[in-house]
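For reference, the structure discussed in these notes is given below.
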Amino acid sequence: MTQSDDRDRVHPFPHSDEDATRADRIADTVQTRAPAYRLAFTDRDFLLREELRPVRLQLELLKPQMVMDERGIESTVVMFGGARIPAPEHADQARTPALAALSGYYDEARRFARAMTERSLRTYGREFVICTGGGPGVMEAGNMGADEAGGQSIGLGIVLPHEQAPNPYVTPDLCFNFHYFAIRKMHFLMRARAVTIFPGGFGTMDELFETLTLVQTGRMKRIPILLFGAEFWDEVINWQALAKAGTISESDLDLFHYVETADEAVGIVDAWKEPCD
């Protein structure tokens, strides 16, 4: 329900924003200046107390949920990948030659997002909406591709010790900021129809293994999980060694697919049929 819808609703009680305004106009006395007198929902010091963490978790889950519901977003295509991967025209500025060599995946991410957004527009922006972490690198490429196609895209940012603004291609009304990594991860996967993982670092691997674990354990239904760059992933993760050791099953290796290009990824998403149990 939007704010305007809420105002149109008939009930006998005053709106909370009306009382917040009234409370600001009260006479200035020793009593009204005391923290105890502040309305609980306008009292920042109160809301940030340790004991209020469950409430903050709920609010952080609820706010993006409500915004996306109001915009009619039913499904997303999630794009994970390294924030440090440069656009090809900036490859010479990469910190290592190996990182520079990965710059081609920036273009593939951009092309993939553009193609998925073209499909999203056929559903008036309800399905296959691109969702990234909202930052630079692969995330920027994903949001850029969606923007180039004339569609909307989501950015799920996180507050970090070093300042990081959202990339300029995220749809402003779908640009969110999180305190809790756990809630952010939930929003990445709650609407996901496909997950793509481009070369990246700790954060990308965290998101990859979180997704694989949820599917492996049956806590999330099977969806396309597409790893861009077989050479990169086979070098950094020895999947066969995990299966040989018995710490995963051979069948777990079927939970994901390698792709090299946007066209390959689009083809798998388009052809996907949910496996039968």
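Nothing in this text is a laboratory measurement; each read-out follows from the coordinates by a stated rule. Because the structure is a prediction, the values reported are computed rather than measured. Virtual Cβ from ideal backbone geometry, glycine too; neighbours counted across all protein chains shown.
Computed from label points 7 Å out along Cα-Cβ, the spacing between I237 and Y37 is 5.8 nm.
Peptide packing for 193-206, 28-41 was compared via the average number of neighbouring C-beta atoms within 10 Å per residue; ordered from the highest value, the list is 193-206, 28-41. The simple Förster model, with R0 at 51 Å and r as the Cβ-Cβ distance, assigns R219 and A27 a FRET efficiency of 0.40.
Here K63 is the anchor, and the aspartates and glutamates within straight C-alpha reach of less than 14 Å, apart from those fewer than 8 places off in the same chain, are D173. Before anything else, pin down the relative contact order of the chain: Cα pairs under 8 Å, at least 6 apart, normalised by residue count, whole percent. Computed value for the chain: 16 percent relative contact order.
Compute the Rg/Rh shape ratio of the chain: radius of gyration over Kirkwood radius, all on alpha-carbon atoms. Ratio of gyration radius to Kirkwood radius: 1.06. Each label was represented as a point 7 Å from its Cα along the Cα-to-Cβ direction; for A94 and T247 these points are 2.8 nm apart. Sparse packing (at most 12 other Cβ atoms within 10 Å of the Cβ) combined with a DSSP loop state is found for the following trypsin sites (Lys or Arg not before Pro) in the range 211-277: R219, K221, K273. Taken along the Cα-to-beta-carbon direction at a fixed 7 Å, the label points for F209 and R122 span 3.8 nm.
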